[in-house]
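Written out below as structure tokens is the structure these notes cover.
The values are calculated or read from the model by the stated rules, or taken from the named source; none is laboratory data. The structure presented is a predicted model; accordingly, all values stated were derived computationally and were not measured. Here the Cβ positions follow ideal geometry from the backbone for every residue, glycine too, while neighbour counts run over all protein chains shown. When the accessible area is computed, the model is the full protein with side chains, heavy atoms only, and any ligands, DNA or RNA have been set aside. Shrake-Rupley method; radii C 1.70, N 1.55, O 1.52, S 1.80 Å.
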Amino acid sequence: MTGDKTEIAASRDQKSRIPCEVALRNGRHVLLRLMEAADRGRLLRFARSLPEDDLLFLRTDITDPVIVDQWVADVARGNSITVLAQAREHVVGYGTLHLEQARWTRRVGEIRVQVAPAFRGCGLGRRLTSEIFELGQSRGIKKMAAMMTPDQTGARAAFEKLGFQVEALLQDWVVDRDGRPRDLLIMSCDLKDSNSGT
Ligand SMILES: CC(C)(COP(=O)(O)OP(=O)(O)OC[C@H]1O[C@@H](n2cnc3c(N)ncnc32)[C@H](O)[C@@H]1OP(=O)(O)O)[C@@H](O)C(=O)NCCC(=O)NCCS
């Protein structure tokens with residue numbers, strides 16, 4: 001756990017280099033770059049290629065063009081920053097930082113990461129998280145939160161390896177895509193502590 005934190009902190013010490021090409025452990029290369037309005041179609045294709053199980057737990061339905069338009073508008077307004085991972089013409093993952101607009105929680109950012117199943121377990125989620133941390137730190141974010149349901153055991157394990165700890169478990173807090181109530185698990189990571197490698 002400590003080693004993971006040190007590793008991610010070390011990668012954060014380097015200035016964010018996006019856009020850049022990254023070699024993954026599966027031998028594939030992806031381009032990391034900031035999302036633009038012109039990515040709308042690519043994002044929709046990516047969202048619609050995700051397995052039903054992933055879509056079930058998404059906080060917003062990104063297979064819906066209206067939702068993707070709101071996402072693009074959020075990025076244009078500076079309320080969100082999204083780093084895309086692109087392989088050839090296809091989006092294969094993204095990391096998004098949602099900046100809290102309420103004044104008293106403005107030091108907390110929310111991270112959302114999604115990687116295409118074929119690209120999981122190759123270090124892409126870790127790299128996207130590292131880029132989001134870097135972007136968050138440069139905007140004065142002190143704490144990063146990740147939200148999921150307790151059913152997302154893989155995501156929870158991955159975020160624990162990335163240095164996140166359980167902050168809260170809220171009962172029947174969210175409703176999934178099928179309309180079923182679910183508990184909400186909030187995990188968090190203190191950027192200052194992680195950055196110092198402690
Ligand atoms: C969670 C997710 C983003 C991880 O992406 P990824 O590209 O597979 O992550 P990485 O390969 O960089 O792995 C990061 C660490 O988590 C671990 N990990 C990844 N998936 C894991 C799993 N299912 N179970 C246990 N550990 C896992 C890896 O071993 C790695 O640790 P290491 O570097 O010490 O070996 C990806 O599984 C995903 O998109 N899930 C669906 C979306 C989701 O639930 N997002 C979370 C809500 S924001």
inquiry  = Can you pull out every residue in region 44-67 that is among the charged types (D, E, K, R), assigned to a loop (DSSP other than H, G, I, E, B) and either open to solvent by less than 30 Å² (accessible area, probe 1.4 Å) or at pLDDT below 95 (or both)?
reply    = Arg59, Asp61
request  = Just one of (1) part of a helix (DSSP H, G or I); (2) within 16 Å of the ligand (Cβ to nearest atom) trips up Gln70, so point out which.
outcome  = (2)
ask   = Does region 154-173 hold any residues that are under 19 Å from the mean Cα position of the chain (by Cα) and part of a strand (DSSP E or B), and which are they?
value = Gln165, Val166, Glu167, Ala168
key: Condition broken by Thr129, with the remaining ones in (1) within 20 Å of Arg33 (Cα to Cα); (2) open to solvent by 10 Å² or more (accessible area, probe 1.4 Å); (3) modelled with pLDDT of 95 or more satisfied   = (2)
key: Any hit, region 138-153, residues being part of a helix (DSSP H, G or I), open to solvent by less than 40 Å² (accessible area, probe 1.4 Å) and within 16 Å of the ligand (Cβ to nearest atom)   = no
task = Give region 110-137 a look and list any residue that's over 19 Å from Leu31 (Cβ atoms) and more than 7 Å from the ligand (Cβ to nearest atom), or say none.
result = Glu110, Pro117, Phe133, Gly136, Gln137
Single condition Leu32 does not satisfy, out of (1) buried (at least 16 other Cβ atoms within 10 Å of the Cβ); (2) at pLDDT below 95; (3) touching a Pro at 6+ places or on another chain (Cβ under 7 Å) = (2)
